[in-house]
Amino acid sequence: MSIEEQIKDIVSEIVRVDKNIIRREGTFKDINADSLDVVQILLRAEETFDIEIPDEDAEQFQNFGDFVDYVERHIAEKEKA
Amino acid sequence: MNQPLIGKLSLVTGGGRGIGRAIALKLASQGSDVIVNFFRHRDTAEKTAKELQDMGVKAKIIRANVGEPAKIDEMFDVISNDFGYLDILISNAASGVGRPVLDVDVKAWDWTMDINARALLLCAQRAARLMEGRNGKIVSISSLGSFLVWPTYAAVGVSKAALEALTRYLAIELAPKGICVNAIAASAVLTDALKFYIKGQEAAHQQATPAGRMVTPEDIANVVAFLCSEDAFMIRGQTIIIDGGASVMAPFVSTTGGVNQ
């Protein structure tokens, strides 16, 4: 399963929404995720992919696509290291 | 140097940074080997473990979100397999959702209670088995918000009140097993996180504390070390307040006498 699909699964499970409504250009607000949902999503992603997502970085995500790109980039960097 | 904890093994949840780190370092300075539990910040946990090893004790880091029962079990499975015993449990890891009480929903409530209160229950249950015959000590880290009202602190304050009540029950029910259980409640502690929030108000906070300065992580660590010593054997089920006297001062009264205008 692609990283994007795995992240969609995480988001849909925590926010309890159909994963088909999660789009790259959409925001957490669009799917009615509150601040605690967002924290839980970040924590789950950190655990699943064994990466760290500092709050300062997470605040820069404009949409779901940014979040996926960030995770993919950090997994790639980790594999290179 | 006096090292009464040589040969002992301590687990500090949330031990990688802040108050937990200070406690881990203090216990290590007294000779204890230390397991540092962390969740989000592996780098800082590794750094803390390195500091502990440099002090000449064994140190190990274990990642676990103490809000999840399965993760607590996995952590204790590792401790059981690698060591087979435990002498000191410091239940320090905490989280919380800061909202006015009318905005605290079920999710926010459960999240806060699970990490701050239920984690002590589950950790103590597993720890008690590993402390069999070892005169174990359990110290949980509460906060003054368990009985003082701070803005948006409802969920956390209630979880800390539960933590303190659980500390009393554990103290009594684990006493026959030779385990001492107590809690510590501190006022705002000068950690990096807090420095960020009170920027520019440090002087006001200091002035509001009769002892003349804010509580530091080391202040907490010193009392934890005392509660983990045999000198504290007869203290059971108590919540020791560390606040430089702030909570016993009547409101609107200055620390130097007279009434503030």
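Some points to look at:
- Total formal charge among the other residues, if their Cβ is under 15 angstrom from that of B:I179, Lys/Arg +1 and Asp/Glu -1: +4
- Under Karplus coefficients 6.51, -1.76 and 1.60, residue-wise ³J(HN,Hα) of region B:93-101 in Hz, glycine/proline x: 4, 8, 8, x, 10, x, 9, x, 4
- Heavy atoms of chains B and A lose about 1300 Å² of accessible surface on contact, summed over both sides with a 1.4 Å probe.
- Shape call, the protein assembly as shown: gyration tensor on alpha carbons, a/c limit 1.5: oblate
- Amide proton proximity set for B:S143, modelled H, under 5 Å, gap of 5+: B:A186
- Per residue, in Å², the accessible surface of chain A once ligands and nucleic acids are set aside, probe 1.4 Å: 58
- Remark: region B:103-118, residue by residue, has Karplus-estimated 3J(HN,Hα) of 9, 7, 8, 4, 5, 5, 4, 5, 4, 5, 5, 4, 7, 8, 10, 5 Hz, where x stands for each Gly or Pro and the curve is 6.51 cos²θ - 1.76 cosθ + 1.60 at θ = phi - 60°.
- Amide H within-cut-off set for B:R99, under 5 Å, with H built and near neighbours excluded: B:A154, B:A155
- Ellipsoid fit via the Cα gyration tensor, chain B: semi-axes of 30, 21, 18 Å, each the root of five times an eigenvalue, largest first.
- Cα centre as origin, Lys/Arg/Asp/Glu Cβ charges: region A:3-80 dipole, Debye: 300
- A Förster radius of 51 Å, combined with the Cβ-Cβ distance separating B:A204 from A:S2, puts the computed FRET efficiency at roughly 0.45.
- The H on the amide N of A:G26, modeled in the peptide plane, is under 5 Å from the matching H of A:F64, A:G65, each at least 5 residues off or on a different chain.
- Couplings 3J(HN,Hα) for region A:13-29, derived from phi with the Karplus relation 6.51 cos²θ - 1.76 cosθ + 1.60 (θ = phi - 60°), are 6, 6, 8, 6, 10, 5, 5, 6, 8, 8, 10, 4, 8, x, 10, 4, 4 Hz, where x marks Gly and Pro.
- Distance from region A:12-60 to region B:98-142 (C-alpha centre basis), Å: 26
The values are calculated or read from the model by the stated rules, or taken from the named source; none is laboratory data. Owing to the predicted nature of the structure, the values given are computational and were not obtained by experimental measurement. Glycine also receives a Cβ, built like all others from the backbone with ideal geometry; neighbour counts cover every protein chain displayed. These area figures cover heavy atoms from the full protein model, side chains too; ligands, DNA and RNA do not enter into them. Shrake-Rupley method; radii C 1.70, N 1.55, O 1.52, S 1.80 Å.
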